[in-house]
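One structure below.
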Amino acid sequence: MAKDYQQMYREKLRSAAEVAQTVKPGNLIDYAMFNGKPVALDQALAARKDELKDISIYGAVTVPPIPEVVLKDPLGEIFSYHDQHFSALTRILQEKCQGVFYAPIQYGECDLYNTYGVEDPQKMGTVLRDYFFVQTTPMDRDGFFNWGMHNSGSYLSAITCKYPVVEVNENIPFCMGGNRERIHISQVAYVVEGENTPLYELPKIEATEVDRKIAANVLKFLRDGQTIQLGIGAMPNILGKMICETDLKDLGGWTEMLVDAYKEMFESGKMTGARKTMDRGKINYTFALGGRELYDWLDHNQALASCGVGYVNHPINLAQIDNLISINQALQVDLYGQVNAESSGFKQISGNGGMSDFVLGAFWSKGGRSFICLPSTHSKKDGTIISRIVPNFDIGTITTVPRQMVNFIVTENGIASMKTASTWSRAEQLINIAHPDFRDDLIKAAQERKIWRRSNKIS
């Protein structure tokens with residue numbers, strides 16, 4: 001059968017330019033997320049700028065290299081680029097280009113979007129994508145292409161579009177499943193042998209003393225046998241290092257994003273997954289972003305389970321994982337307990353991602369908890385220090401997690417428990433963990449909003 005697969009491969013093999021020639025005006029094209037973003041296909045599509053019109057492109061967490069379709073069409077006259085979770089690169093592109101937009105999604109719902117299509121108000125309904133462009137590993141002897149570290153919604157994106165196209169990149173690690181971690185040559189429309197572009201690596205950010213204090217506050221709540229979800233950033237990674245120095249044992253891993261901390265916790269013997277109630281002994285994830293060491297660790301690693309996002313992020317699945325501890329970061333919290341984790345006023349910074357999936361799922365988990373972490377202050381470019389705990393959000397600021405869903409808020413100054421707390425209790429607790437320099441102003445704001453009792457005492 002291997003010969004048959006090789007024959008199918010040769011029959012479907014095309015240059016990037018040949019595939020781009022099949023694209024028609026009005027087509028909707030899905031670029032895979034993260035390091036799955038196509039490179040050769042993107043360049044070939046951009047080269048057809050003068051021959052096309054009304055091309056919609058969807059992606060998420062756009063990482064270098066910069067998409068050629070945006071560089072070649074900065075006014076967005078031909079290509080509109082819709083990023084479902086902004087990265088630092090997307091923020092820059094939106095400032096400089098007119099065709100770049102944010103597309104809000106609930107990450108755990110991606111399988112449903114792929115199955116039922118995306119909303120098109122002009123057509124009064126939903127439309128399926130015409131193309132899915134994705135970088136994969138080379139085909140194996142059984143005829144499969146592995147998604148590597150961007151499983152995410154790739155499988156359903158591929159099988160529900162009209163033309164799934166794989167762009168082979170030999171640098172992509174082979175990531176063991178899980179589920180939906182691969183696609184067969186028989187399911188692919190075209191194969192492009194790419195340029196083996198180096199994978200994007202997240203720059204290492206050193207943890208600050210504030211990060212360490214926040215991590216230490218969360219660490220107090222961790223117990224043997226819990227299953228840990230970590231978000232992105234210096235604080236989650238320093239928490240992983242701190243866990244390695246404790247007596248904790250038999251921790252489990254279940255996370256949308258696999259970060260460097262998981263490698264350290266596994267290799268230290270702290271994360272065995274021996275007590276997990278689902279997929280015991282495995283660390284489940286749906287995508288990975290980190291450094292070269294993390295990518296090398298992923299390759300053919302049987303301790304890890306690459307899974308589709310509809311499995312990893314589904315709140316019903318999360319609720320079935322006993323003692324699930326969700327740890328994520330935010331930008332701001334207001335005195336009512338609302339969480340902004342994605343914007344600065346009207347400026348989109350990142351996105352909702354799967355934060356609310358895990359906030360909801362962890363609370364429904366037996367013994368589970370959700371922690372949303374942030375430093376109490378932020379230093380602006382001009383050196384001005386502002387409070388991240390605010391009376392209310394500025395106009396345009398997005399509420400990522402509504403107040404009724406929030407469990408615990410953590411700063412370097414302590415922890416506030418939001419569930420079932422009334423407005424005055426929330427205000428008191430949040431002011432207690434705000435920076436001392438801003439507490440008096442926050443108290444005045446709470447009084448003006450009638451969410452402050454005269455008997456309240458700030459510690």
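Every number here is computed from the coordinates shown, using simple stated rules; none is lab data. Every value quoted in this text rests on a predicted model; they were computed, and no experiment measured them. Heads up, the Cβs are rebuilt from the backbone with ideal geometry, glycines too, and the neighbour counts pull from every protein chain shown.
Some points to look at:
- The antiparallel fraction among DSSP beta bridges confined to the chain stands at about 30%.
- Of 97, 161, 175, 307, the sequence from fewest to most neighbouring Cβ atoms within 10 angstrom is 97, 161, 307, 175.
- Segment 293-380: trypsin sites (Lys or Arg not before Pro) falling in loop per DSSP and having at most 15 other Cβ within 10 Å: 366, 380
- Restricting the GluC sites (Glu not before Pro) of segment 1-95 to loop positions (DSSP other than H, G, I, E, B) with no more than 13 neighbouring Cβ atoms within 10 Å leaves 77.
- Whole-angstrom gap from segment 1-52 to segment 63-117, using each part's C-alpha centre: 18
- Computed over the alpha-carbon atoms, segment 319-386 gives an Rg to Rh ratio of 1.07, Rh here being the Kirkwood radius from the mean inverse distance.
- Taking 28, 374, 112 and counting other C-beta atoms within 10 Å, the order from fewest to most: 112, 28, 374
- With the convex hull drawn around the C-alpha atoms of segment 356-448, the volume per residue stands at 116 Å³.
- When all alpha carbon pairs of segment 2-193 are counted in 10 Å bins from zero, the resulting P(r) reads 9, 39, 38, 13, 2, 0 %.
- Gap separating the Cα centres of segment 424-440 and segment 267-332, nearest whole Å: 34
- Farthest positive-ward along segment 209-448 dipole, Cα basis, beta-carbon charges - from 411, 234, 383: 411
- D by Stokes-Einstein for segment 209-448, Kirkwood Rh over Cα pairs, 4 °C, 1.567 mPa s: 71 µm²/s.
- Checking every one of the trypsin sites (Lys or Arg not before Pro) in segment 237-300 against DSSP loop status and a limit of 14 other Cβ atoms within 10 Å picks out 249, 280.
- Cβ-based charge dipole, the chain, positive-most Cα from 160, 447, 318: 447
- Correct option for Cα extents along the principal axes in Å [calculated from the coordinates] among (i) 72, 57, 44; (ii) 77, 50, 39; (iii) 67, 55, 38: (ii)
- Our note on the geometry: Cα centres of segment 357-399 and segment 149-177, 33 Å apart.
- Once the Cβ-Cβ distance of residue 404 and residue 112 is raised to the sixth power relative to R0 = 22 Å, the FRET efficiency obtained is 0.40.
- Helix axis angle, 209-219 relative to the chain longest principal axis, alpha carbon, degrees: 90
- Taking each DSSP H run with n ≥ 4 as -39500 (n - 2.57) and averaging over every residue of the chain yields -7500 deg cm²/dmol at 222 nm.
- Exposure proxy shown here: for 326, 306, the number of other Cβ atoms within 10 Å sets the order, fewest to most, as 326, 306.
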